[in-house]
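Visitor: Have a look at the structure that comes next, please.
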Amino acid sequence: MGRRPVTVRMARWSAEHPWRALAMWVVFVAVCFVGGNAAGLTEATAKDMAIGESGRAGVIVEQGKFDTEPAMENVLITAQSGTLDKAAAQKAAKDAATALRTVPGVAKVGEPVPSRDGSALLVPVTMSGDPETASDRVEPLRAATATVQQAHPQLRVEEVGGPSISKALDDTLGKDFHRAELLSLPVTLAILIIAFGALIAAGVPVLLAMSSVAAAMGLSTLVSHLIPASDSTSSVILLIGMAVGIDYSLFYVRREREERAKGRGHVDAVEIAAETSGHAVVVSGTAVIIAMAGLFLAGDAIFSSLAVGSILVVAVAVLGSLTVLPALLAKLGRWVDRPRVPFLWRLTARRIGPDGQPMAGRFWPIVLRPALRRPLATLVVSVLALLALAAPALGMKLKFPGTEDLPRTTAAMQAYDRLTAAYPSNGTSHTVAVQAPAEQADAVKAALTRLANSAQSDPLFAKLETTGPEIKVSPDHTVSVLSVATPYSTRSAEAEQSLHRLRNDLVPAALDSVPGAEYAVGGGVAESDDYASHIWHKLPVVVGFVLALTFLVMAWTFRSVVVALTSIILNLLSAAAAYGLLVLVFQNTWAEGLLGFTSMGAIVTWLPLFLFVVLFGLSMDYHVFVVSRIREAVQRGVPNREAVAEGIAGSAGVVSSAAIVMVAVFAIFATLSTIDMKQLGVGLAAAILLDATIIRAVVLPSVMTLLGNANWWAPRFLRGGGKHAAPTGRDSAPEGEEPTRELVGAA
């Protein structure tokens, strides 16, 4: 008997020394978590996240070292209905100014500013203190404004501004995420209890996933000193960690229970689970890590930080599945199946047939029958259906969500809509940033003034509310900044046209004559446009990298070029269908009432790239596990078609359970208020559902049945020998005959 793989030896040692393995895992998680918190987090700066011309504009502004702008609030006075009573509005504005001057945290109250059309009156309010914490101190201002509203019921008196909007959104989104957190854990536990029929067995996957997440969060904090972290890193660690941690535990625990049902001892059952499911976990973990590593090629600080978090949590989950999980299973022994849920236990218990293999139930043989009997017809129909679902992706448009895409359920956002309608220059704006030698400051100011005046005659830009353009100049006179407003929403075609007008015509015409001037146009519209171009440019690079390395890993693991190639094609098909479904739902309006959103006519810019690597990685979990079971059967000498039926039916329970957990958790994200979280939740949930059903239960068995022994073809240098050699099973009965008496006849 040859030397066992290191993964098996690790699992065997952990099973024979469970207390040591458990103690080492607890110490590892504690050291990672505590060490990370002690080291502190290094966040990505504006320079780290600079993309395209808008990124250069941000860097120029940052280099100007401008004094921090104070936080600004406004009291907006409009009519409840009809025409605004100007005398009553002036009286309300005076009362508001008097009330706000006595509020702590108010530095200055400006003079009322009437709108051009006379429909509104605006009282500007300057807050004192740190602008970053202004939203935490805005409540007294809102209370004072509410008092003025009570005194003037015939008018609409509202508090609106950056801090009040941030406060309202934080409250709304905080409740959303709190609800999602409260729902996700019990939903996950409930599904696992149904899958295992026993409470302890259901708790083990959650325990591994949560400890992996804790350790990875600490490690990512340490790594942030090399690769700066983004705000989303911890959320992605939680999302990916719970998904893969539960998946790996499900694969492992199911196989260990299956081996015990055959009469194996606890330690032997753990060892066999390590050699089979453990090996599949290592391969699938490697595939997920490769997919996530593709994010580094995006050349984006945010994606790099997400890659770090994802890779760390997957690596920790794989390590836990090879160490602490075998220790837990060996120590618990048959207690892992306690306490049993009577009906569910009988439903989930695996029956072992005379050949020592798990017996299939009635459901999956019925599902697999078309693919096994008529593989070509089944393959053609299923692939055409998936391609039809993927077709809308050809018309995908990418945009950043704008202010207009934030939930309108709050009074602050409703007030913001009235503010931008009455004062268009307070809405969407472009930032023209110029860096030039200090002696050119006057020339730059004159050029920017001409630029602002030229924009006034163009309907794509908003009229100035003041007598002239406000140009900010840095203390050293090397950086000048001008804001040019447009009356159109951030993601509208007109706003994009105004950006191109500035970049291609107005800005070069005004500034090209200034010696030594370096300029760039930024702002929300520019960031959306630049980032979309960046994603379209980087997506083929990332996809190519992920496909190439995944192909090599799969070919080496299964000693088969064909298995590797079909794996790639099936996962691409799954991702394409998910893209198409996303476009079908969110670029149109038919699902707005169903999912509670307002269509932005586009997909959130960062989503396609992130969705691809996540889906490709998670899909490989199922694929590796299913194909590993098929390969085991072929290596035992089972004919190919029967091996396909046995492998898919034998793994269907665990794959379905893992998929249901992920679909349920991802679907919770679809209930959140923001459009980006809705798109992420629907995209992930739909893709996992398609992958675990159509791809794994219809397309995969059709392909592998059709190919027969060709599934395992590989060049001579790749075939190897021993346990990992490419199997050479015999072909099964001709198409149309019964694949197996036990699997199909039982139906």
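The values are calculated or read from the model by the stated rules, or taken from the named source; none is laboratory data. Values in this document were obtained by computation on a predicted structure and should not be read as measured data. Cβ placement follows ideal geometry from the backbone for every residue including glycine, while neighbour counts extend to all protein chains displayed. Side chains included, ligands, DNA and RNA excluded: accessible areas come from the protein's heavy atoms. Shrake-Rupley method; radii C 1.70, N 1.55, O 1.52, S 1.80 Å.
Visitor: Quick one: the Cα spread of region 228-320 along its three principal axes, in angstroms, biggest first?
Guide: That works out to 53, 20, 13 Å along the principal axes.
Visitor: Counting pairwise Cα distances across region 364-450, what percent come out greater than 18 angstrom?
Guide: Result for the distance tail: 74 percent.
Visitor: When the distances between all Cα atoms of region 285-335 are binned every 10 Å from zero, what whole-number percent does each bin get?
Guide: Taking every Cα pair in region 285-335, the percentages come to 26, 35, 21, 13, 5, 0.
Visitor: I would also like to ask the following. I want to check the label-to-label distance for residue 101 and residue 183. Put each point 7 Å from Cα in the C-beta direction and report it in nm to one decimal.
Guide: Between residue 101 and residue 183, the label points sit 5.0 nm apart.
Visitor: Filter the chain for me: DSSP H helices, axial length by Cα at least 24 angstrom, mean Kyte-Doolittle hydropathy not below -1.0. List them by residue number. All intermediate terms of the calculation are to be shown ahead of the outcome.
Guide: Numbers: long enough: 18-39 (31 Å, 1.44); 162-196 (50 Å, 0.69); 199-223 (36 Å, 1.98); 233-261 (41 Å, 0.25); 301-322 (32 Å, 2.33); 524-558 (48 Å, 0.95); 561-586 (38 Å, 2.34); 607-635 (41 Å, 1.24); 640-669 (41 Å, 1.40).
Both cut-offs are met by 18-39, 162-196, 199-223, 233-261, 301-322, 524-558, 561-586, 607-635, 640-669.
Visitor: Could you check the spin-label model distance between residue 43 and residue 166? Points 7 Å from the Cα along Cα→Cβ, value in nm.
Guide: 1.0 nm
Visitor: If you consider only alpha-carbon coordinates, what radius of gyration and Dmax does region 540-597 have, in Å?
Guide: 16.5, 50
Visitor: Could you give the semi-axes, largest first, of the ellipsoid that matches region 448-493, computed as the square roots of 5 times the alpha carbon gyration tensor eigenvalues and rounded to whole Å?
Guide: Numbers: eigenvalues 102, 34, 15 Å².
After scaling each eigenvalue by five and taking roots: 23, 13, 9 Å.
Visitor: Once you have the Cα-Cα distance between residue 476 and residue 588, take 0.36 nm times their residue separation minus that, and quote the gain in nm to one decimal.
Guide: Details: separation 112, 0.36 × 112 = 40.32 nm, distance 4.99 nm.
Here the segment from residue 476 to residue 588 would lengthen by 35.3 nm.
Visitor: Moving on to the next point. Carbon-plus-sulfur fraction of the accessible area of region 190-300, 1.4 Å probe, in percent?
Guide: Working: 2080 of 3030 Å².
Within region 190-300, the accessible surface is 69 percent carbon and sulfur.
Visitor: List the extent of the Cα atoms of region 159-306 along each of their three principal axes, largest first, rounded to whole Å.
Guide: Between the extreme Cα coordinates on each principal axis of region 159-306 lie 71, 35, 21 Å.
Visitor: Next up: With every protein chain kept in place and ligands, DNA and RNA left out, what is the accessible area per residue of the chain? Probe 1.4 Å, answer in Å².
Guide: Values: 31080 Å² over 747 residues.
With all protein chains present, the chain gives 42 Å² per residue.
Visitor: Could I ask something else about it? Just to confirm a number: summing +1 for Lys and Arg and -1 for Asp and Glu over residues other than residue 51 whose beta-carbon lies under 13 angstrom from that of residue 51, what do you get?
Guide: Values: positive: 47, 56, 538; negative: 48, 53, 300, 527, 529, 530.
Summing Lys and Arg as +1 and Asp and Glu as -1 gives -3.
Visitor: How much net charge surrounds residue 167 when only other residues with a Cβ under 12 Å from its Cβ are counted (Lys, Arg +1; Asp, Glu -1)?
Guide: Working: positive: 137, 142; negative: 73, 136, 139, 159, 170, 171.
Here the count lands on -4.
Visitor: Now a separate question. Suppose we keep just the DSSP beta bridges with both residues in the chain; what percent of those would be antiparallel, to 5? Before the final figure, lay out the partial values.
Guide: Values: 37 of 40 bridges.
If we restrict to bridges inside the chain, about 90 percent are antiparallel.
Visitor: Once amide H atoms are built 1.01 Å from N in the peptide plane, which residues 5 or more positions from residue 430, or in another chain, come under 5 Å H to H?
Guide: Here 484, 485, 486 satisfy the definition.
Visitor: For region 571-641, which semi-axes, largest first and in whole Å, follow from the square roots of 5 times the eigenvalues of its Cα gyration tensor?
Guide: Values: eigenvalues 284, 33, 15 Å².
Rounded to whole Å, the semi-axes are 38, 13, 9.
Visitor: Stretch residue 380-residue 69 to full length: gain in nm at 0.36 nm per residue minus the Cα-Cα span? Intermediate results must be reported in sequence, preceding the final value.
Guide: Working: separation 311, 0.36 × 311 = 111.96 nm, distance 6.18 nm.
Length gained between residue 380 and residue 69: 105.8 nm.
Visitor: At 20 °C and 1.002 mPa s, grab the translational diffusion coefficient of the chain from Stokes-Einstein with a Kirkwood Rh over Cα pairs, rounded to a whole number in µm² per second. It would help to have the intermediate numbers written out before the result.
Guide: On the way: Rh = 29.0 Å.
D, rounded to a whole number, is 74 µm²/s.
Visitor: What is the Rg over Rh value, at two decimals, for region 189-261, using alpha-carbon atoms and the Kirkwood definition of Rh? If you can, show how the numbers build up before the last one.
Guide: Working: Rg = 15.1 Å, Rh = 13.5 Å.
Using Cα coordinates only, the ratio equals 1.12.
Visitor: Take each of the peptides 447-459, 151-163, average the number of other beta-carbon atoms within 10 Å over its residues, and list them starting from the highest.
Guide: Details: 447-459: 17.0, 151-163: 20.4.
Ranking, from highest mean packing down: 151-163, 447-459.
Visitor: Could you sort the peptides 319-325, 81-87, 594-600, 661-667 by per-residue average Cβ neighbour count (10 Å cutoff), highest mean leading? Spell out each step's value before the answer.
Guide: Values: 319-325: 25.1, 81-87: 10.7, 594-600: 15.3, 661-667: 21.9.
Ranked by mean Cβ neighbours within 10 Å, highest first: 319-325, 661-667, 594-600, 81-87.
Visitor: Using a Förster radius of 45 Å, what is the FRET efficiency between residue 190 and residue 143 based on their Cβ-Cβ separation? Nearest 0.05, please.
Guide: On the way: r = 43 Å, r/R0 = 0.95.
According to the calculation, E is roughly 0.60.
Visitor: How much FRET efficiency would the formula 1/(1 + (r/R0)^6) give for residue 552 and residue 116, where r is the Cβ-Cβ distance and R0 is 51 Å, rounded to 0.05? Intermediate values should be presented prior to the final figure.
Guide: Numbers: r = 64 Å, r/R0 = 1.26.
Calculated transfer efficiency: 0.20.
Visitor: If you count, for each residue, the other Cβ atoms within 10 Å and average over each peptide, how do 278-291, 477-490 line up from highest to lowest?
Guide: Numbers: 278-291: 24.9, 477-490: 22.1.
The peptides rank, most packed first, as 278-291, 477-490.
Visitor: With the convex hull built on the Cα atoms of region 578-717, state its orientation-averaged projected area in nm². Provide the component values of the computation, followed by the final result.
Guide: Working: hull surface 39.9 nm².
Computed as one quarter of the Cα hull surface, the answer is 10.0 nm².
Visitor: Take the Cβ-Cβ distance between residue 537 and residue 31 as r, set R0 to 60 Å, and report the resulting FRET efficiency rounded to the nearest 0.05.
Guide: Details: r = 41 Å, r/R0 = 0.68.
It comes out at approximately 0.90.
Visitor: Shifting gears a bit: In angstroms, what radius of gyration and Dmax does region 608-686 have, counting Cα atoms only?
Guide: That works out to 16.2, 54 Å for Rg and Dmax.
Visitor: Another one. Give or take rounding to whole Å, what are the principal axis extents of the alpha carbon atoms in region 455-578, in descending order?
Guide: So the extents along the principal axes, rounded to whole Å, are 74, 32, 23.
Visitor: What's the local net charge at residue 147, with K and R +1, D and E -1, over the other residues with C-beta under 12 Å away?
Guide: Working: positive: 142; negative: 95, 159.
Taking every Cβ under 12 Å from that of residue 147, the sum is -1.
Visitor: With viscosity set to 0.692 mPa s at 37 °C, what whole-number translational diffusion coefficient in µm²/s follows for region 378-537 from Stokes-Einstein and a Kirkwood radius over Cα pairs?
Guide: Numbers: Rh = 18.0 Å.
Result for D is 183 µm²/s.
Visitor: Still on this structure: Using 0.36 nm per residue of separation minus the Cα-Cα distance, give me the extension gain between residue 94 and residue 442 in nm, one decimal. Let's see the in-between values first.
Guide: Numbers: separation 348, 0.36 × 348 = 125.28 nm, distance 3.92 nm.
Length gained, residue 94 through residue 442: 121.4 nm.
Visitor: Between residue 231 and residue 387, what is the label-point separation in nm under the 7 Å Cα-to-beta-carbon projection?
Guide: Spacing of the two 7 Å Cα→Cβ label points: 4.3 nm.
Visitor: Something else about it: Once neighbouring chains are kept in place and the probe is 1.4 Å, which whole percent of the accessible area of region 549-705 is contributed by carbon and sulfur? Mind dumping the intermediate values first?
Guide: Details: 2680 of 3730 Å².
Carbon and sulfur together cover 72 percent of it.
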